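Novice: First, the structure itself, so that you have it in front of you.
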Amino acid sequence: AAKGERRGTCRSFEAGMDAAAQEKNRLEIDLRAAVREGGLAVHYQPIVDLQSGQVECYEALLRWNHPERGAVPPDVFVPLAEEIGLIDQIGRFVLGSACSAAMQWPDHVKVAVNVSPLQFRNGNLLSTVINALSTSGLAAERLELEITEAVLMEKGPRPSAIIRNLRAFGIGISLDDFGTGYSSLSYLLNYPFTKIKIDKSFILNLHHEANSRAVIRAVIGLGRSLGLIVTAEGIESDMEREYLRDEGCTQGQGYLFGKAMPAMTN
Ligand code: C2E
Ligand code: MG
Ligand code: MG
Ligand code: MG
């Protein structure tokens, strides 16, 4: 009945929209409610050293358990949040949650947080990050921010100044999903990255595509010669883990080691 009522109140507003626009409009209303009412959660996926097998880091990944639809993937709701102006607020929530979760872990374990290109545009990313660190008490060296090339394609000096400032505080900067965008080598030289993450699509195709293996090997070689940590995403089998370790990849992340889980609370 509650569902019917809500539909009813939206009917006149939705009358002129096609089905896809209506669907999006409902998701937008529900996302606003989730943000307001604490409906988003942050889960943590382990990233291990491929030599020792030890957990070195956890990546914070947003989860939205929709009351009717069940789990909505971040690939769906993060772009929507960006579009409707919620990403700054959500980004603050993720940074705050991740830094305080990491305070419960051993000191050598880091936390990685994904940052949207839009968070660079609004000019308050640096203060948001510093605030999350000081509120939680987490050392800056234990925080890594994962950015994609989309950040670097923003016009103007801003992203590079912000990245340099973050690095100056001791925060790590990872280039996420490497190999899927333009993968311009000049980015690697012109920004002070500490880590490259090889996109999971290459790992998925590793065993049957020589081209994927060629990209993986080239990225590992490039990263290592620049003194960067190289992490492979999407490792699901022992064969993939062994291949990547033998090629000299530093770290691995994937269902083989664990899926994203809620933080331990004690
Ligand atoms: P990402 O940053 O590249 O995160 C890695 C994605 O790979 C995650 O998907 C993770 O669950 C998935 N993954 C890890 N290991 C495996 C594996 O072995 N097999 C397969 N098939 N997948 C694996 P998820 O959690 O669905 O997140 C998707 C994307 O959404 C993320 O990609 C990131 O771009 C974005 N995202 C997630 N959380 C946040 C956030 O807090 N802020 C922002 N701005 N974006 C986020
Ligand atoms: Mg990431
Ligand atoms: Mg990635
Ligand atoms: Mg991704």
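The values are calculated or read from the model by the stated rules, or taken from the named source; none is laboratory data. Worth saying up front: this structure is predicted, and the values here are computed from it rather than measured. So basically every Cβ, Gly included, is an ideal-geometry build from the backbone, and we count neighbours across all protein chains shown. Just the protein is used for accessible areas: all its heavy atoms, side chains included, with ligands, DNA and RNA removed. Shrake-Rupley method; radii C 1.70, N 1.55, O 1.52, S 1.80 Å.
Novice: Take the residues of the range 177-209 that are within 21 Å of Gly254 (Cα to Cα) and without any contact (Cβ under 8 Å) to a residue 12 or more places away in the chain: which is surrounded by the fewest Cβ atoms within 10 Å (Cβ to Cβ)?
Specialist: Applying the filter and picking the extreme gives His208.
Novice: Those residues that are within 15 Å of ligand 1 (Cβ to nearest atom) and of a type outside the set (Asp, Glu), I need them from the range 170-192; list them, please.
Specialist: Within the range 170-192, Gly172, Ile173, Ser174, Leu175, Phe178, Gly179, Thr180, Gly181, Ser183 meet the criteria.
Novice: Considering only the range 29-70, state which residues are touching a residue at least 40 places away in the same chain (Cβ under 8 Å), open to solvent by 50 Å² or more (accessible area, probe 1.4 Å) and more than 30 Å from Met239 (Cβ to Cβ).
Specialist: Selection gives Arg32, Glu68.
Novice: To continue, here is another question. For the range 210-266, which positions are aliphatic (A, V, I, L, M), assigned to a loop (DSSP other than H, G, I, E, B), in contact (Cβ under 8 Å) with a residue 60 or more places away in the chain and open to solvent by less than 50 Å² (accessible area, probe 1.4 Å)?
Specialist: Ala260, Ala263
Novice: If you don't mind, another one. Restricting to the range 129-147, count the residues that are without any contact (Cβ under 8 Å) to a residue 40 or more places away in the chain and either within 13 Å of ligand 1 (Cβ to nearest atom) or out of contact with any helix residue (DSSP H, G or I) (no Cβ under 7 Å at 6 or more places or on another chain) (or both).
Specialist: 8
Novice: Next up: Quick check on Thr135: is it part of a helix (DSSP H, G or I) and closer than 20 Å to Ile87 by Cα?
Specialist: no
Novice: Another one. For Lys259, work out the one condition from (1) within 16 Å of ligand 1 (Cβ to nearest atom); (2) over 25 Å from Met103 (Cβ atoms) it doesn't fulfil.
Specialist: For Lys259, the exception is condition (2).
Novice: What's the total number of residues in the range 86-101 that are within 14 Å of ligand 1 (Cβ to nearest atom) and either small (Gly, Ala, Ser) or touching a strand residue (DSSP E or B) at 6+ places or on another chain (Cβ under 7 Å) (or both)?
Specialist: Of the residues in that region, 10 qualify.
Novice: Look through Ala102, Ala112, Ala98, Ala150 and report the one residue that is under 17 Å from the mean Cα position of the chain (by Cα) and in contact (Cβ under 8 Å) with a residue 60 or more places away in the chain.
Specialist: Ala112
Novice: So, Glu144, is that one closer than 26 Å to Arg164 by Cα, in contact with a strand residue (DSSP E or B) (Cβ under 7 Å, 6 or more places away or on another chain), surrounded by 16 or more Cβ atoms within 10 Å (Cβ to Cβ) and among the acidic types (Asp, Glu) or not?
Specialist: Yes.
Novice: Kindly provide the set of residues from the range 167-186 that are of a type in the set (Phe, Trp, Tyr) and under 19 Å from the mean Cα position of the chain (by Cα), ordered by number.
Specialist: Phe178, Tyr182 - these are the residues of the range 167-186 that are of a type in the set (Phe, Trp, Tyr) and under 19 Å from the mean Cα position of the chain (by Cα).
Novice: Would it be correct to say that Ala168 is within 27 Å of Met103 (Cβ to Cβ), open to solvent by 40 Å² or more (accessible area, probe 1.4 Å), free of Cβ contacts under 8 Å to residues at least 24 places away in the same chain and away from ligand 2 (no atom under 16 Å from the Cβ)?
Specialist: yes
Novice: Could you tell me whether Ala139 is open to solvent by 40 Å² or more (accessible area, probe 1.4 Å) and either away from ligand 2 (no atom under 16 Å from the Cβ) or not hydrophobic (A, V, I, L, M, F, W, C) (or both)?
Specialist: yes
Novice: Based on what the data block shows, is Gln45 touching an Asp or Glu at 6+ places or on another chain (Cβ under 6 Å) and closer than 26 Å to Thr135 by Cβ?
Specialist: Here the answer is yes, as Gln45 does meet what is asked.
Novice: Another question, then. Say we look at the range 72-125 and pick out the residues that are among the charged types (D, E, K, R) and touching a Leu at 6+ places or on another chain (Cβ under 8 Å); which of these is least open to solvent (accessible area, probe 1.4 Å)?
Specialist: Going through the qualifying residues, I end up with Asp88.
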